[in-house]
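Working notes for the structure below.
The values are calculated or read from the model by the stated rules, or taken from the named source; none is laboratory data. Remember, predicted model here, so these are calculated numbers, not experimental data. Cβ placement follows ideal geometry from the backbone for every residue including glycine, while neighbour counts extend to all protein chains displayed. Heads up: the accessible areas ignore ligands, DNA and RNA and are worked out on the full protein's heavy atoms, side chains in. Shrake-Rupley method; radii C 1.70, N 1.55, O 1.52, S 1.80 Å.
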Amino acid sequence: MVSIPETTITSSDGRRSIPLIGFGTASETEGGDVVKAAVVEAIKVGYRHFDTASLYQTEKPLGEGINEALRLGLIKSRAELFVTTKLWCTSTEGHLVLPAMKKSLQNLGLGYVDLYLIHWPLKLNQEQFIPPIPKESIAAINIKEVWEAMENCVNLGLTKSIGVSNSAPRIIEEILSIAKIPPAVNQVEMNPLWQQRKLNEFCKKNDILLTGYSPLGGYNTQWGHNHVMECDVIQDIAKSRGKTPAQIALRWIYEQGVSFVVKSFNKERMKQNLEILDWSLTEDELNIISKIPQQKHVYLSGAMGDPSDIIAQLDVDLAFQ
Ligand SMILES: NC(=O)c1ccc[n+]([C@@H]2O[C@H](COP(=O)([O-])OP(=O)(O)OC[C@H]3O[C@@H](n4cnc5c(N)ncnc54)[C@H](OP(=O)(O)O)[C@@H]3O)[C@@H](O)[C@H]2O)c1
């Protein structure tokens, strides 16, 4: 079993350990039984950090997988795991946060999560999340009101830490200016094609852990793309090092001093994605990867329609790259 290195983040206990590699659970095609079985398998091979969201509808099978792992004796207690879930955009109003948090815990069958994130710093005025979302269904959020409600979840012991996702520095600065409990994490798209250099610097300066999602570009998913896995630079390095393109992309993100969440429900691939810890990229390889032309794909170009609308309304600041 692979032992995954950890770092610490701000939490209600002061600092709390978080494994640098997490297991993603977003899937449109795989049913609850597949997710549950994948979670059990993931725990067997060494994953201890699990990422879900109310949007993904994988909270319930994740909780069931955790229970099964406990029953099988793969872990002794739930406290050995780091579980993240997220507040969906239909609940980003002060009075809706606590009910959403409680619903997520009920789905998971857990008494607390380790990390609760605002999924996107925006408000959706429709339940449906079928892209493209019409402009009139998207609104700005009152971040002060929402953040205070997130802090309340910590004070009630429902989550150990709170944070944001898909958030640019401007919104984080706004939170920092009013926060009693600062955001511990910002989870954003990050991979060799969207390297997030400036956002990473900003987060490091503010003691916020950047967590990269879609580290393989969301390969073969409806919301992602195949450009990371099919990138010539990544493929050439993979060939010369006897690794897979996925391992090169994951090792690259690991070397950026961030954490990341990667999804594979396939036994071999979930193992392969952990086999990145006992070797490193050379200076030359890192240099070549740093020159890959940058292009953001996930959501902005796919699920949410015209990127310029999103940038204008949601403070997602592409210029900050
Ligand atoms: N905060 C947000 O807004 C946000 C947005 C997107 C994602 N996320 C989180 O981040 C997690 C990871 O991102 P993601 O799911 O978008 O994409 P990803 O991890 O970049 O890629 C997942 C895809 O790659 C395949 N794959 C995994 N390992 C592979 C390997 N070694 N070789 C070949 N194919 C491989 C998976 O298929 P198999 O399962 O068949 O292996 C799946 O199709 C999500 O599951 C979710 O938890 C968060």
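Points worth noting:
- Choice from 211, 52, 29 showing the highest fluctuation, given a GNM over the chain with Cα pairs closer than 10 Å: 29
- Shape category assigned to segment 187-256 from the gyration tensor of Cα positions, a/c cut at 1.5: oblate
- GNM top mover of 86, 135, 271 - the chain, alpha-carbon springs below 10 Å: 135
- Relative frequency of Cα-Cα separations exceeding 20 Å in segment 1-61, percent: 36
- Charge dipole (the chain, unit charges on Cβ, about Cα centre) - positive-most of 94, 274, 146: 274
- D_trans [Stokes-Einstein, Kirkwood Rh over alpha-carbon pairs] for segment 137-221, 20 °C, 1.002 mPa s, µm² s⁻¹: 154
- Surface composition of the chain: carbon plus sulfur atoms hold 49% of the accessible area, using a 1.4 angstrom probe and ignoring ligands, DNA and RNA.
- Between segment 240-276 and segment 171-235, the alpha-carbon center distance in angstrom: 16
- When the chain is described by a simple charge dipole with +1 on each Lys and Arg Cβ and -1 on each Asp and Glu Cβ, the residue from 65, 289, 237 located farthest towards its positive end is 65.
- Accessible surface ranking that places the most exposed of 71, 78, 241 first, with a 1.4 angstrom probe: 71, 241, 78
- Charged side chains reduced to their Cβ positions (Lys and Arg at +1, Asp and Glu at -1) give the chain a dipole of some 640 debye around its Cα centre.
- Solvent-accessible area per residue for segment 1-151 (1.4 angstrom probe, square angstrom): 41
- Segment 24-131 shape via C-alpha gyration tensor axes, a/c threshold 1.5: prolate
- For the chain, modelled as a GNM whose springs connect Cα atoms under 10 angstrom apart, the maximal fluctuation among 110, 72, 176 occurs at 72.
- Sum of side-chain charges, residue 9 neighbourhood, beta-carbon under 12 Å (Lys, Arg +1; Asp, Glu -1): -1
- Normalising by residue count, the chain has a Cα convex hull of 123 Å³ per residue.
- Prolate/oblate/rounded label for segment 141-190 (Cα gyration tensor, a/c 1.5): oblate
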